[in-house]
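Right, one structure below, let's go through it.
The values are calculated or read from the model by the stated rules, or taken from the named source; none is laboratory data. These numbers were taken from a predicted model, which means no experiment stands behind them. Methodologically, a virtual Cβ is constructed for each residue, glycine included, from the backbone with ideal geometry; neighbour enumeration extends over all protein chains shown.
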Amino acid sequence: MKYILPILLSLLIFIQSELKAVEAIIYNGTGSSAENKMIALTLAGIVNRDTPKLYLLNVYETWSYNQTDEKWRDIYAAEGGVNFSTITDINQLVQHFSSFLNGAITYDPALTYGNFSGQNFRWQAEVAAMIGGLTNCIPLPYTNTAINIQRPDSVWVADHFHGQDSIKVSAHLESAMHPWNNTELTQEQRYFLLLDWSLDNLLEHCNPRNFYLREITDWAVSQRMFQMNLAGTESLNFYSLSDEKAEKIERVMQYLKTSYPNEIFHGFGWMRPEGLTQWVSAWGGSFHETLLGNLSWHHIFPVDPDFEYERPAFVESGSQLLEEKHYVVFIGSEGDAGNWVAGFQAGAWHSATRGEIPLAWGFNLYMLDKFPFIGKYYYSTATPNDGFISVTTPLGFAYPDVFPAASLPDATEKTSALMEKFNISTVHAYKHYNGAGVSMYRGIEISNNYNFNKLGDFTAATNTDLTFVFDPSLQTQQPYTNFGGLLFNHVNDGTFYGDVRDLNTASDRIISKLLYKPRPSFLLAGYQRFRQDGTAVGASNPADVTLPRLKTIMETVLNHPTMGSQIEFVTPEKFTDLLRQKLGLVNSIPTNSNDKNQLKILYAADGQRILTLQTEKPQRVLVQIFDISGKKLDSFNHELASSSDFIVLPTSNYPGGVYLVSVNANGNVLNAKFIK
């Protein structure tokens, strides 16, 4: 009884929170200074830990869709029942939430650093924000006199994770007493000294499951992550991430790995060079590209825990009719990246054309799990043509073929749970970063190719129905079942970020790939970046495609005078089911049936085809078998012993091909196809 009351009370609180409106503040940061935006995002991370209180507008918005904050604001108001009050003055915002704050961590706003050309961030401000997240303080330029808040000399950092004693640290990072304020040193040297101090003093009081790399956000603050802004000078050269930077990142990863040695940890932010996500995976981690704000809000917003993640495009295994067609799918890429997941797929989700054409939307399932209102929104608004696929793994931007052996059981269990929760069993996985093929980085092999046996074992262990891969060591547009799971490769054929500037050329490229293929065949026509309607496509973004432009490509293909009628564009759910049927990996093929008369064909393990019948009552039925040309091969009567019966079809002498079975049950004609 002592356990029931708290559960009922929690349930009552949740129900009440669902029924009544949520009162929250919007801070409109449009035109605000970088310093004020830093205050706002730190404040959001602090106050959004238990309930959603502060929403940020144009403080830290994803680059790929500049209406992300506005759209979510409107959705939360309309569908989440939020009543927003707007604050534009930063001092007013701080005063509104003053009861949550213990003061300010001051810093010198004039100090900046950049890892690569084009990057410039306030390094003292970011560390001040991290300390602020650990102490419930805002980061404040030491020159700021406008904001009325306490400026203590020192603050206590509590340990929310291990129960260690609190530690006292300076609250004035700009103080001349600190070694990182030696003006004879370079900005990089000074920042690194501050990071080393943070590693020595703060790391073991930070989140032992997650870390943050690159520009700090409200998400890093809310989860009390250790944050560092380190990156290589080049986007693809692994060695441009210096040993000095790498050692700091490895020290954090070692802390996470030691805290939970057999579990997958998670990194957030942005990895540059991106290929070093393999390095993170080799340490037992998964990465999530999340340079955007409001994740603390999305994480805590209440969602019905019993919400069923069902979508109209979902298909049961064996439920699709395999015909003599070319089945073609388009996948929207970047699904592993948070700015695409939280940013409405770069705005494409709001296209007026969505729902008119079948396609695959890529998602990071771990992010849908962490930010449940986002997941609920996508599932609630999806149409039958909105197919869903996981990218790069359900765990995020990670490589299960390089996970350490000790982490694999946890990775397998959590991957399976995510796929089951979100009813997604198709994945797109890629490696395409290492022009040298294979390199060693700090003792870790960075390869341009998967270890297919390890990948196949992982897909089989997680019950993944189909994994699309982009790998130059396999033939393109070919399925592979010899590695454990089902893989389907596409590579070096213009289908991975292919140039779609000329719509006719893109359409012709699809036709040319299908011209001489025997049917049924399967084609991944494009792994493209979907963008919002009206996005200009040119030399700088040749792989971007809007849904209206994609619809034109599809219509051009379907109107081809000789090939069009043979082609069907499909969702990944249908593509997966039909491909598995063709390969004999699915037990049944659907039929035209009604409630009282049903017909299915099962594939027996020994290769035989078993005809199963269900009729309104026991009766005599006529069974006929035709080849694809319509030639009758067999005809016989069968007496049903009951309303449900089965027949072993006499197909042992049939050559390979597609066959039609027709059953006349008391005037009702049922048909089914099978492939041998």
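Evaluate the following for residue 36: is it buried (at least 20 other Cβ atoms within 10 Å of the Cβ), under 17 Å from residue 221 (Cβ atoms) and not assigned by TED's automatic domain parsing to the domain that holds residue 533? Before you say what the answer is, go through the steps one by one.
Details: buried (at least 20 other Cβ atoms within 10 Å of the Cβ): yes; under 17 Å from residue 221 (Cβ atoms): yes; not assigned by TED's automatic domain parsing to the domain that holds residue 533: yes.
Taking the combined requirement at face value, the residue satisfies it.
Given segment 48-153, what helices (runs of 4 or more DSSP H) lie entirely inside it while holding 1 or more residues that are out of contact with any strand residue (DSSP E or B) (no Cβ under 9 Å at 6 or more places or on another chain), basic (Lys, Arg) and surrounded by fewer than 23 Cβ atoms within 10 Å (Cβ to Cβ)? Step through it out loud before you land on a result.
Values: elements: 68-79, 90-96, 123-135.
Qualifying helices (runs of 4 or more DSSP H): 68-79.
Please find, among 53, 71, the residue that is over 27 Å from residue 147 (Cα atoms) and either basic (Lys, Arg) or not assigned by TED's automatic domain parsing to the domain that holds residue 242 (or both).
71
Output the number of residues of segment 551-590 satisfying the condition of being surrounded by 21 or more Cβ atoms within 10 Å (Cβ to Cβ) and assigned to a loop (DSSP other than H, G, I, E, B).
Of the residues in that region, 3 qualify.
Looking at segment 353-364, is at least one residue in contact (Cβ under 8 Å) with a residue 24 or more places away in the chain and under 22 Å from residue 253 (Cβ atoms)? Break it down stepwise before answering.
The initial filter retains those residues of segment 353-364 that are in contact (Cβ under 8 Å) with a residue 24 or more places away in the chain, namely 353-364.
Within this subset, residues satisfying the condition of being under 22 Å from residue 253 (Cβ atoms) are 364.
Yes, the conditions are met somewhere in segment 353-364.
Can you pull out every residue in segment 143-174 that is β-branched (Val, Ile, Thr) and without any contact (Cβ under 8 Å) to a residue 40 or more places away in the chain?
Step one: of segment 143-174, the residues β-branched (Val, Ile, Thr) are 143, 145, 147, 149, 155, 157, 167, 169.
The answer is 143, 145, 167, 169.
Kindly list, by first and then second residue, each pair from a residue in segment 264-293 that is free of Cβ contacts under 8 Å to residues at least 60 places away in the same chain to a residue that is surrounded by fewer than 24 Cβ atoms within 10 Å (Cβ to Cβ) and in a helix (DSSP H, G or I), limited to pairs with Cβ atoms under 7 Å and residues at least 6 apart or on different chains.
Every condition considered, the pairs that remain are 265/257.
Any idea which of 425, 439, 416, 407 is in contact (Cβ under 8 Å) with a residue 24 or more places away in the chain and touching a Leu at 6+ places or on another chain (Cβ under 9 Å)? Give the steps one after another, and end with the answer.
Numbers: 439 fails: touching a Leu at 6+ places or on another chain (Cβ under 9 Å); 416 fails: touching a Leu at 6+ places or on another chain (Cβ under 9 Å); 407 fails: touching a Leu at 6+ places or on another chain (Cβ under 9 Å).
Of the residues listed, the single one that is in contact (Cβ under 8 Å) with a residue 24 or more places away in the chain and touching a Leu at 6+ places or on another chain (Cβ under 9 Å) is 425.
Among the residues of segment 360-385, write down those that are more than 18 Å from residue 264 (Cα to Cα), out of contact with any His (no Cβ under 9 Å at 6 or more places or on another chain) and surrounded by fewer than 24 Cβ atoms within 10 Å (Cβ to Cβ). First the steps, then the outcome.
Within segment 360-385, the first condition is being more than 18 Å from residue 264 (Cα to Cα), and the residues that meet it are 360-363, 371-385.
Subset that is out of contact with any His (no Cβ under 9 Å at 6 or more places or on another chain): 361, 363, 375-385.
Passing the criteria: 375, 376, 377, 378, 379, 380, 381, 382, 383, 384, 385.
Just name the residue that is farthest from residue 161 (Cα to Cα) out of those in segment 216-230 that are part of a loop (DSSP other than H, G, I, E, B) and in contact with a helix residue (DSSP H, G or I) (Cβ under 7 Å, 6 or more places away or on another chain). Working first, answer last.
Taking segment 216-230 first, the residues part of a loop (DSSP other than H, G, I, E, B) are 216-217, 223-225, 229-230.
Subsequent filtering for residues that are in contact with a helix residue (DSSP H, G or I) (Cβ under 7 Å, 6 or more places away or on another chain) retains 216-217, 224, 229-230.
On the way: 216: 21, 217: 21, 224: 10, 229: 23, 230: 25 Å.
Top of the filtered list is 230.
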